[in-house]
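The values are calculated or read from the model by the stated rules, or taken from the named source; none is laboratory data. This structure is a prediction, so every number in the text was calculated from the model and none was measured. Heads up, the Cβs are rebuilt from the backbone with ideal geometry, glycines too, and the neighbour counts pull from every protein chain shown. Ligands, DNA and RNA are excluded from the accessible area calculation, which covers all protein heavy atoms including side chains. Shrake-Rupley method; radii C 1.70, N 1.55, O 1.52, S 1.80 Å.
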Amino acid sequence: MNIPPFEIIAAIVIVIFFGIGLHEYAHCKIADAAGDPTPAFYGRVTLNLTKHFEPMGTIMIILTSLSGIGIGWGKPSPVNPARMRNPKWDHFASVAAGPISNLLQAAFWAILLRIALSAGLVNPLQVLYALTYQHTTFLAALLTIGVLTNLGLMLFNLIPLGGLDGHWLIGTFMPERTRVAWYQWNRRTGSMLLLGIVLFSQISNIPLLFNVIGLPAIRLFSFLTGIKLPI
C-alpha cells in the first residue's frame, strides 16, 4: 500500500472524526428525543465526538481509507426501542439519522467546495488529484474527501447486512416474526457475510464494494459538486 501525501492523510483523519462522530451522535440524539434514556445514561448524547469512537473500528477505517475505500465503525449506539414513545418508527428515525447525518455533511463539504471553486481557491485539477490521493493543496483535499468519504459512509451503512444501519431499516417494514428472524440471521450469518465481502473486495481484483459504494458515491459527488468525473 502506497502511503498518500500528508495533506491527504490529514484530511482523511479530520473528515472521519466528524463523519463517524456525528453519525453516532445523530443516532443517540434522535433516540433521546424519542424518550429513550439509554443513550444519555451511557453519556452518548454529547457533541464531545471522542465519546463515539471505538478504537479498532477507527483504526480500520483510517487504514482502509488510505487504500481507497473507508470501511470501519464507531462505538455502537446504545438505544432501546422499547423505551421510545413509538418503538417502531422512532427506532427507524434513530437508525436513519446516522446515514442522513453523513449525507448532510457531504452536502456541507460540497457547498464549501463549490464556493472555493468559484473563488478560485481550488481548481478542478486539484480536486482530481485529491480524489486519486496525489499531492494537492490541503484545502482541496479536505473539501473533496469531505464530500466523498461521507457519501461512502452513508452508502456503506445502508448495506442491509450485519450490524449496519441498513438491516435495521429494512426490518422495520417486515412482519413481526419475519423481522425477528431477519435480525437473528444478521447477528449470525449476515455479519460473517459482510466481513467476507469486505475482505474479498480488499484482497481480490473484483470490485464488489466499489460497484456497490464507489460508483454511486462518485455519481453523487458529481451531482453535489457540479464536477463531472470520468467513471
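With the highest mean first, a sort of the peptides 162-174, 50-62 on other beta-carbon atoms found within 10 angstrom per residue produces 162-174, 50-62. If you take every residue apart from G226 with its C-beta less than 15 Å away from the C-beta of G226, what net charge results, scoring Lys and Arg +1 and Asp and Glu -1? Value of the local net charge: +3. Label zone (Q184, point 7 Å along Cα-to-C-beta; backbone nitrogen cut-off 11 Å) within the range 153-167: none. A dipole drawn for the chain from +1 and -1 charges on Cβ atoms has a positive end, and of L148, G226, A31 the residue lying farthest that way is A31. Our estimate of slack between M60 and N2, defined as 0.36 nm per intervening residue step minus the Cα-Cα distance, is 19.2 nm. If you plug the beta carbon distance of N86 and I14 into 1/(1 + (r/R0)^6) with R0 = 41 Å, you get a FRET efficiency near 0.65.
Report summary: the helix-based calculation at 222 nm, which adds -39500 (n - 2.57) for every DSSP H run with n ≥ 4 and divides by the residues of the chain, gives -20500 deg cm²/dmol. Surface composition of the chain: carbon and sulfur make up 70 percent of the accessible area, probe 1.4 Å. For K29, a cut-off of 16 angstrom between C-alpha atoms picks up these lysines, skipping any fewer than 8 places away in its own chain: K51, K75.
With the biggest extent put first, the Cα atoms of the range 91-161 measure 44, 22, 14 Å across the principal axes. All alpha carbon pair distances within the chain were sorted into 10 Å bins beginning at 0; the resulting P(r) in whole percents reads 8, 31, 35, 20, 6, 0. Which residue, T172, H52, T137, has the largest displacement toward the positive end of the dipole of the chain when charges sit on each Cβ (Lys, Arg +1; Asp, Glu -1)? Most positive-ward Cα: T172.
Rounded, prolate or oblate, given the Cα gyration tensor of the range 154-231, with a/c below 1.5 counting as rounded? Judged from the Cα gyration tensor, the range 154-231 comes out oblate (a/c at least 1.5, b/c at or above a/b). Rounded to the nearest 20 debye, the dipole size of the chain about its Cα centre is 380 debye, using +1 on the Cβ of Lys and Arg and -1 on the Cβ of Asp and Glu.
The Cβ shell under 14 Å around G171 holds other residues with a net charge of +2, Lys and Arg each +1, Asp and Glu each -1. Among 202-213, 124-135, the peptide with the highest mean count of other Cβ atoms within 10 Å heads the list, and the full ranking is 124-135, 202-213. Estimated from the Cβ-Cβ distance and a Förster radius of 45 angstrom, the FRET efficiency linking I111 and L199 is about 0.80. Each peptide among 12-22, 85-95, 147-157 gets the average number of other Cβ atoms lying within 10 Å of its residues, and from highest to lowest they stand as 147-157, 12-22, 85-95. Starting from the Cα gyration tensor of the range 166-211, take the square roots of the eigenvalues, sort them a ≥ b ≥ c, and report rounded, prolate or oblate (rounded when a/c is under 1.5, otherwise prolate if a/b is larger than b/c, else oblate). Here the range 166-211 falls in the prolate category.
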